[in-house]
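*Asks:* Got a structure for you, questions after.
Throughout, read-outs are computed from the coordinates displayed, never taken from laboratory work. Small disclaimer: the values here were computed from a predicted structure and weren't measured. FYI the Cβ positions are ideal-geometry reconstructions off the backbone, even for glycines, and counts take in every protein chain you see.
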Amino acid sequence: MSHLILLRHGQSVWNKKGLFTGWVDVPLSKKGIEEATEAGAKLSEISIDEVHVSKLIRAQMTAMLALSEHPSNASPQLLTPEGDSHRGWSDIHDVNQMTIPVHASWKLNERMYGELQGKNKQALMEEFGEDQIRIWRRSFDVPPPGGESLKMTAERTLPYFESHIVPSLTQGKNVLVVAHGNSLRSIVMSIEQLSSDEILQVEIPTGQPIVYDFKAESNTYSKVYVD
């Protein structure tokens with residue numbers, strides 16, 4: 001049996017300000033840093049073999065801070081993307097050096113909120129009405145202007161999950177995925193077999209690990225409580 005750990009990044013500086021963030025690359029707030037380190041402590045009883053993060057700094061900060069609190073002596077190594085002209089400069093030549101591979105992919109990014117990015121949520125509610133903002137934020141297949149719906153997010157997140165994460169779980173590895181509310185909801189919808197209506201009721205809290213046992217022989221997931 002292996003473990004899949006899903007972790008939404010800690011509070012970002014734009015979360016704190018009540019702004020739509022999406023693909024805008026903003027860091028964690030002070031509270032978000034605290035949430036990330038607390039998440040690492042909560043995972044102290046689970047070994048971590050592999051990490052997958054989005055391309056956004058708030059997810060990568062959360063992963064690194066969480067791993068800094070983890071009891072493992074292994075060092076996280078953010079892998080150089082394919083095609084980088086400097087690939088190979090970070091190769092490790094000491095076979096005794098313990099590392100945890102950290103894979104970064106834009107396919108794990110948050111929903112792209114299009115024309116809403118950088119705008120204040122409360123101000124938009126006053127302009128367009130609470131019902132319209134709820135549709136843009138919480139519906140399954142209605143995107144905000146110029147942005148992505150949850151359905152569109154799932155169409156890029158789930159193929160990555162199936163091709164890059166599930167094979168590692170099948171090999172018995174424990175995998176930590178640090179991403180965002182909507183990219184993680186896409187994964188939860190798939191592994192818990194939720195309907196498009198049911199997933200709209202699911203909220204992924206910041207900085208709180210969600211752990212699943214994975215049984216390769218039956219390809220099934222069962223949620224585990226983490227204190």
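*Asks:* Tabulate in residue order the Karplus-calculated ³J(HN,Hα) for the range 195-210, using 6.51 cos²θ - 1.76 cosθ + 1.60 with θ = phi - 60°, rounded to whole Hz; enter x for Gly and Pro.
*Replies:* Coupling constants for the range 195-210: 7, 5, 7, 5, 5, 5, 8, 8, 10, 9, x, 6, x, 10, x, 10 Hz.
*Asks:* Taking 0.36 nm per residue of separation and subtracting the Cα-Cα distance, what length does fully extending Ser196 through Glu34 add?
*Replies:* Working it through step by step, the gained length comes to 55.0 nm.
*Asks:* Give me Tyr212, Tyr225 sorted ascending by neighbouring Cβ count inside 10 Å, so fewest comes first.
*Replies:* If I rank by nearby Cβ atoms, fewest first, I get Tyr225, Tyr212.
*Asks:* Tell me, what ³J(HN,Hα) does each residue in the range 140-157 have, in order and in whole Hz, if you take phi through Karplus 6.51 cos²θ - 1.76 cosθ + 1.60 with θ = phi - 60° and put x for Gly and Pro?
*Replies:* Per residue, the Karplus-derived 3J(HN,Hα) values read 7, 10, 10, x, x, x, x, x, 10, 8, 4, 4, 5, 4, 4, 5, 9, 6 Hz.
*Asks:* Taking 7 Å along the Cα-to-C-beta vector as the label spot, tell me the Trp106-Glu69 distance in nanometres, rounded to one decimal.
*Replies:* 3.2 nm
*Asks:* Report ³J(HN,Hα) in whole Hz for each residue of the range 181-186, in order, from the Karplus equation J = 6.51 cos²θ - 1.76 cosθ + 1.60 where θ = phi - 60°; Gly and Pro get x.
*Replies:* x, 7, 5, 6, 4, 4
*Asks:* Something else: Given the pairs Lys16/Lys151; Lys42/Lys173; Lys107/Lys151; Lys16/Lys223; Lys55/Lys121; Lys30/Lys173, which span a C-alpha to C-alpha distance of over 22 angstrom in this model?
*Replies:* Listed pairs above 22 Å: Lys16/Lys151; Lys16/Lys223; Lys55/Lys121; Lys30/Lys173.
*Asks:* Antiparallel versus total DSSP beta bridges in the chain: what percent is that, nearest 5?
*Replies:* 40 percent
*Asks:* Find how many whole Å separate the alpha carbon centroid of the range 161-210 from the alpha carbon centroid of the range 16-80.
*Replies:* For the range 16-80 versus the range 161-210, the Cα centre distance is 16 Å.
*Asks:* Given a Förster radius of 35 Å and the C-beta distance between Glu45 and Glu130 as r, what FRET efficiency does 1/(1 + (r/R0)^6) yield to the nearest 0.05?
*Replies:* After rounding to 0.05, the efficiency reads 0.25.
*Asks:* I would also like to ask the following. Calculate for the chain the 222 nm mean residue ellipticity that helices alone would give, adding -39,500 (n - 2.57) per DSSP H run of length 4 or more and normalising by residue count, nearest 500 deg cm²/dmol.
*Replies:* Mean residue ellipticity, 222 nm, calculated: -9500 deg cm²/dmol.
*Asks:* Report, largest value first, the span of the C-alpha coordinates of the chain along each principal axis, in whole Å.
*Replies:* For the chain, the Cα spread along each principal axis is 59, 39, 37 Å.
*Asks:* Please list, ordered by chain and number, the residues whose modelled amide H lies under 5 Å from the amide H of Val177; skip anything fewer than 5 residues away on the same chain.
*Replies:* Close amide H contacts, sequence-distant or interchain: Ile5, Leu6, Leu7, His52.
*Asks:* Separate question: Where is the GNM fluctuation largest for the chain (alpha-carbon springs, 10 angstrom cutoff): Leu108, Leu184, Leu194?
*Replies:* Highest fluctuation of the listed residues: Leu194.
*Asks:* How do Phe140, Phe214 line up, fewest other C-beta atoms within 10 Å first?
*Replies:* Phe140, Phe214
*Asks:* Now for a separate question. Neighbour counts of other C-beta atoms within 10 Å: give me His103, His180 arranged from fewest to most.
*Replies:* Final ranking by Cβ density, sparse to dense: His103, His180.
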